[in-house]
Structures are given as C-alpha cells and as structure tokens.
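A.B. asks: One structure is given below, represented as structure tokens, and several questions about it will come after.
Please treat every number below as a calculation from the coordinates, not as lab data. Predicted model only: the values in this text are computed from it and were never measured. No Cβ is skipped: glycine too gets one built from the backbone with ideal geometry, and neighbour counts run over all protein chains shown.
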Amino acid sequence: MTKLVATLSLKFRLLATVAMLAVIVVPGMLAAAQTAAPAELTLSAGDGEKLFATYVRAGAGHDKIALLFHQAGSNRHEYDPIVPTLNALGFDTLATDQRSGGQRWGYANRTVSKKGQSESYAEAYADLQGALDWAVARGYRTIIAIGSSYSASLVIVLASLNPGRLTALASFSPGEYFPQKDRIKKTAASVTIPFYITAGPQRQEQSRVDEVLSRTSSDNIKRHRAIAGVHGVSTMRKDQNPAGYEENLEHFKAFLAGIVSG
C-alpha cells in the first residue's frame, strides 16, 4: 500500500512538472505567438484608385504602425524578412504594392497588375497618402513611414504635406528621382519630425544622401553611414546584404526604440 501511494505521488509530481513546463514562455515567444496572420487588404489611394496591401498586427491593443513602401520594380514583399522585427518592437505593419513597381521576390505587384502597367514614381505618391489616411482613420497614435529608393524620397514629401500626422520617417537610399529639380532637398529642409536616413556605402549612394540633406540643419535627422550595404531597404535583408544586413538592422532598431520610448 505504501509503495502504491509513493508511486501515485511520484506520478502526480511528474504531471505537475509537465504542466508547469507547458506554460513557461521563452522571452519573445509570446509576442510572436500573438502576432496575427497577414491580412490582404484593398485600400483607397489618395486619388481613389485601388491599392493592394498586407496588414500584420503585432498583437492586441497596439497603437503603433509602420507604413512600408517599396522601391522601383518591386512590391510589398521586399519587407517580408523585416516585418517580424517591426512586430517584435510592437509595430503593426502595412506593406503596400504601389502603382510604380513590378515582379520581384517571387511575387507580382498586384496594384500594377490591376492597372496593366507600372506608372511613374510621382504618381505613386497617392498610394502613400492613401496608406497614411488609412492608418490615421484607424486611430494609430504612432505612425512611421518607411521608404525604399524612390519611395524613400516620397516619404519625405509625405511628412511635409501631412504635418502632425506622422511621428517619424525612415528613408533608405533617397534621391532627386523626380522631374522637378531640387524637390526633395527643399522638402527635406521642412521636415521637423525624427528623420532616419541611410544608403549603401557606394559613392553614388552617399552623394545622393548628401544632396537630399544639403539644405537641412535640424538635429531631428539621424544619418547612418553603412559600412556594408546595398540600395534601399534591401540593405536590411540577409539575402541581399549578407555582410551588413545585421548591423544595419540593429542600427535601425535603435532608432525605432528611441521613437517608442520618446
């Protein structure tokens, strides 16, 4: 009888141990588990045209969102490896297929496919405006716009034309890519919100950033001079920048952490 009681007691202790282990969560696992599955959305651009996008929630109750805009010839999937990092920092994400883009990363740009052709960089501004309007309408209190190449220039315009609506912007490889001479450098000089700007270490990449910043004098600008990098947001993708993606991503995360804590 004593042996039976001891055996049962051991079994109960083992079951209790298993139950306790079942609820132990490694740091970061809970946030990952709570991240919602990507949702396909169709938004209205600033001019009323259809804009296809992917929305990922970092978890319930978050009031921060990162608006993600791709480079030329690309689509929203440019950000696929980066979205989990943003979610882990508490940012919901909205990645758009702008009307200026194309097939890349194994996916088509659905907005371009719907229109039948890729349109100009300047025309794509309406897509950025539509994404910002969508985020504001949903009550997000912290909104950061992230741009890549031509859209890195357009997020500067977005900040200038929407005072008080954006919390911060991040510009990866901006330049004077538009017919209007000096448009981006003039606009950059008017931006007062936290402004992250970076590009690859190549001479042309850095000279474009120099030009964009040539009329700025504010301490709101955080420039990262990458040691190893490539054009656009791809500088934070391992498959595009194996030598430098990690350092570039960590630097950007530090900027975002400052936005959140501030």
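A.B. asks: Run the numbers on the chain and let me know its relative contact order in percent, using alpha-carbon pairs under 8 Å that are six or more apart.
C.D. replies: Values: 526 pairs, mean separation 34.9, N = 262.
Normalised by residue count, the contact order of the chain is 13 percent.
A.B. asks: Something else about it: Roughly how many whole Å is it from the C-alpha centroid of region 114-178 to that of region 36-73?
C.D. replies: 12 Å
A.B. asks: Please state the shape class of region 108-221: rounded when a/c is under 1.5, otherwise prolate if a/b exceeds b/c and oblate if not, all from the C-alpha gyration tensor.
C.D. replies: Details: a/c = 1.87, a/b = 1.15, b/c = 1.63.
Oblate.
A.B. asks: If you count the DSSP beta bridges with both ends in the chain, what percent of them are antiparallel, to the nearest 5?
C.D. replies: Working: 12 of 36 bridges.
Counting only bridges with both partners in the chain, antiparallel ones make up about 35 percent.
A.B. asks: When you count, for each residue, the other Cβ atoms within 10 Å and take the mean per peptide, how do 90-102, 218-230, 123-135 rank with the highest first?
C.D. replies: On the way: 90-102: 25.8, 218-230: 15.8, 123-135: 22.4.
The densest-packed peptide leads the list: 90-102, 123-135, 218-230.
A.B. asks: Which lysines does residue 238 reach when only Cα atoms under 24 Å apart count, and residues fewer than 8 places away in its own chain are ignored?
C.D. replies: Result set, ordered by chain and number: 222, 253.
A.B. asks: Using the charge dipole of region 28-261 (Lys, Arg: +1 at Cβ; Asp, Glu: -1 at Cβ; taken about the Cα centre), state which of 73, 229, 206 has its Cα farthest towards the positive end.
C.D. replies: 206
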